[in-house]
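Notes for the one structure printed next.
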Amino acid sequence: MKVSFPHMGCITGYKRLMEKLGHEVIMPDTPTQRTMDLGVKYSPEFICIPFKVMMGTYIECAEKGAEVIVSSGGNGPCRAGMYPDVHQKVLEELGYDTKVIVFDNMFVDFKAFYQKILMIKNNTPTHKLIGIAIFCYNLIKKMDRLEKQLKIRRAYELNQGDFTKAWKKIVKMFEACETNADLRRAYKKAIDMYDSIPVRHVEESDRIRVGIVGEIYVIMEPSVNKNTEEILNSLGVEVENVQYISDWVEHNVVPKWLPFPRSHRIFNLSDKISPINCGGHDKENMGWVIDFARRGFDGVVHLMPFACLPELVNLGKFPAVSEELNLPILSLSLDEQMGEAHVKTRLEAFTDLIRSKHYAKQRTRLDDVAETLESAAKKVGDKVGEVRDNLTTTPKTPKYQTK
Ligand code: SF4
């Protein structure tokens, strides 16, 4: 079959999985203005931006001959629940014979999940299928680890663009991997590539760290979030994104009663502030904000599609949460009108704010230490003075008494 998928961050894992299952892969292009225009033209007017961008991508893939589009997500109380049906209907009305298959949490409806596996497994024997699943999981896990490092180390590169260039080479390297041994070699080589890039030394106390939370599609796809992470890195800020494809897989495949992955515990961290999940990742995102505050992050960037219901719920709570946790939160509402210059200006202003707050906190800490030392020295001085006074004022005991 000719198979495609939405462009959502790093898509090497999807590509290798479909190739290993014997499908012909139609690679989706990085969303462009044309993708956006197509999506806007053929989507319901008030639908959220991930739907529109995906719609545009699906049309482009159908134009290139894709017979099947495989995607993830697709249920829940918000509009995500109607994505697959509406995407399918629009494609049909445009005359494309392309089927949309959406995978979601297998614990929600295991039978439907299994039927979809049967549709794409392409008669692959079960033992081979397990091997392919393990290979692809290893691949996305390793690539995600490298991408996480990229978003930290890139903040300190001496020559702007070195890490991004290295990352592009790393993606190509992983695309060529065939076995688990290849993956291990590629990972080692990738680390060596990172290590060879000149970086400036920054003291631990000078590191500025920002967490990224929000709707899964917009935080994973740089063309939609206008390269938020790269902009922050270029401003000398380390970035930690809460969504990666391997984390999503673990969150949806590992039973919730197990102590891992971490996202299960993070989900429960927000029980008091967000007792119910309104759809998407709103409850989990609130948990991540609390986690970032506990880990001493300097700020959080909240990326939400314009009119996204679950993230609007978070948006309403964030001012109070930010004050309570003493953690600046910048919310950016993204739609088809949003330009990179606007995002950049907002991020620059935010970075200035959190940087000055970071150093103000440090000064306060130093002042506290100085005050403590001063009062300790005073106490010691008082004690020494007391002892000396006692020594000089205590009358000498006479050796013998005379009448
Ligand atoms: S989470 Fe937000 S953006 Fe995603 S489908 Fe739901 S309402 Fe739309």
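The numbers here are math on the coordinates, done by the rules we state, and not lab data. Bear in mind that the values here come from a model prediction, so they are computed numbers and not experimental data. Backbone-built Cβ (ideal geometry, glycine too); neighbour counts: all protein chains shown.
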**Asked** For the range 298-313, what does the Karplus curve 6.51 cos²θ - 1.76 cosθ + 1.60, with θ = phi - 60°, yield as ³J(HN,Hα) per residue in whole Hz, taken in order and with x for Gly and Pro?
**Response** 8, x, 9, 9, 9, 9, 9, x, 3, 6, 6, 4, x, 6, 5, 4
**Asked** Cα axis of helix 49-63 to longest principal axis of the chain: angle in degrees, 0 to 90, nearest 10?
**Response** 40 degrees
**Request:** Enumerate the calculated ³J(HN,Hα) couplings along the range 140-151 in order (Karplus 6.51 cos²θ - 1.76 cosθ + 1.60, θ = phi - 60°), each rounded to whole Hz, writing x wherever the residue is Gly or Pro.
**Result:** 5, 5, 5, 5, 5, 4, 5, 5, 4, 5, 3, 6
**Complete:** Scattering profile of the range 7-157 from the Debye formula, Cα beads only, expressed as log10 I(q)/I(0) at q = 0.11 Å⁻¹, is -0.50
**Request:** For Thr179 and Ser205, compute 0.36 nm times the residue count separating them, minus their Cα-Cα distance, and round to one decimal in nm.
**Result:** 5.2 nm
**Relative contact order of the chain, defined on C-alpha pairs under 8 angstrom at six or more residues apart (%)** = 15 percent
**Asked** Using θ = phi - 60° and the Karplus curve 6.51 cos²θ - 1.76 cosθ + 1.60, what whole-Hz ³J(HN,Hα) does each residue of the range 330-342 get, with Gly and Pro shown as x?
**Response** 9, 9, 10, 9, 9, 9, 5, 8, 5, x, 5, 4, 5
**Prompt:** How long are the three semi-axes of the equivalent ellipsoid for the range 122-254, computed from the Cα gyration tensor as the root of 5 times each eigenvalue, in whole Å, largest first?
**Reply:** 29, 19, 12
**Asked** In debye to the nearest 20, how big a dipole does the chain give about its Cα centre with +1 on each Lys and Arg Cβ and -1 on each Asp and Glu Cβ?
**Response** 1740 debye
**Request:** Would you please name the trypsin sites (Lys or Arg not before Pro) within the range 1-84 that are DSSP coil residues with at most 14 other C-beta atoms within 10 Å of their C-beta?
**Result:** Lys64
**Asked** What is the magnitude of the charge dipole of the range 142-203 about its Cα centre, with +1 placed on the Cβ of each Lys and Arg, -1 on the Cβ of each Asp and Glu, and no other charges, expressed in debye to the nearest 20?
**Response** 40 debye
**Message:** Quick check on the range 2-124: of the DSSP beta bridges with both residues there, what percent are antiparallel, nearest 5%?
**Reply:** 0 percent
**Asked** Alpha carbon centre of the range 254-319 versus the range 1-74: separation in Å?
**Response** 27 Å
**Item:** Ranking of Ile140, Ile197, Ile354 by count of other Cβ atoms within 10 Å, fewest first
**Value:** Ile197, Ile354, Ile140
**Fill in**
Computed over the chain: longest principal axis from alpha-carbon atoms vs helix 162-175 long axis, angle to nearest 10 degrees, is 50 degrees
**Message:** Based on alpha-carbon atoms only, what is the radius of gyration of the chain relative to the globular estimate 2.2 N^0.38 Å?
**Reply:** 1.30
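Can you tell me how much longer the chain between Phe113 and Lys169 gets when fully stretched, taken as 0.36 nm per residue apart minus their C-alpha distance, in nm with one decimal?
So the extension gain works out to 16.7 nm.
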**Complete:** Cβ density ranking, 10 Å radius, fewest first, applied to Ile231, Ile132, Ile69 yields Ile132, Ile231, Ile69
**Message:** To test your reading of the geometry: what angle, between 0 and 90 degrees and rounded to tens, separates the Cα axis of helix 110-120 from the longest principal axis of the chain?
**Reply:** 60 degrees
**Message:** Can you give the FRET efficiency to the nearest 0.05 for Asp29 and Glu371, using r as the Cβ-Cβ distance and R₀ = 56 Å?
**Reply:** 0.40
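For the chain, give me the percentage of DSSP beta bridges that are antiparallel, rounded to the nearest 5 percent.
So the antiparallel bridges in the chain amount to around 5 percent.
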**Message:** Give me the three principal axis extents of the range 142-203 from the C-alpha atoms, as integers in angstrom, largest value leading.
**Reply:** 39, 20, 17
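Within the range 5-93, list the GluC sites (Glu not before Pro) lying in a DSSP loop whose Cβ has at most 11 other Cβ atoms in a 10 Å radius.
Answer in residue order: Glu45.
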**Prompt:** Quick one: Tyr156, Tyr83, fewest Cβ neighbours within 10 Å first, how do they rank?
**Reply:** Tyr156, Tyr83
**Request:** Could you compute the FRET efficiency for Ile197 and Lys379, with r as their C-beta to C-beta distance and R0 at 51 Å, rounded to 0.05?
**Result:** 0.50
**Message:** Place a point 7 Å from the Cα of Arg145 along the Cα-to-Cβ direction; which residues of the range 2-24 have their backbone N under 18 Å from it?
**Reply:** 12-13
**Message:** Quick check: Cα centre of the range 194-210 to Cα centre of the range 124-180, how many Å?
**Reply:** 22 Å
**Asked** By average Cβ neighbour count within 10 Å, what is the ranking of 115-125, 245-255 from highest down?
**Response** 245-255, 115-125
**Prompt:** In nm, what is the difference between 0.36 nm times the number of residues separating Val253 and Glu92 and their Cα-Cα distance?
**Reply:** 54.8 nm
**Asked** Does anything in the range 345-380 have its amide N under 11 Å from the 7 Å Cα→Cβ label point of Glu386, and if so which residues?
**Response** 379-380
**Long-range HN-HN contacts of Val102 with modeled amide H, under 5 Å** = Ser71
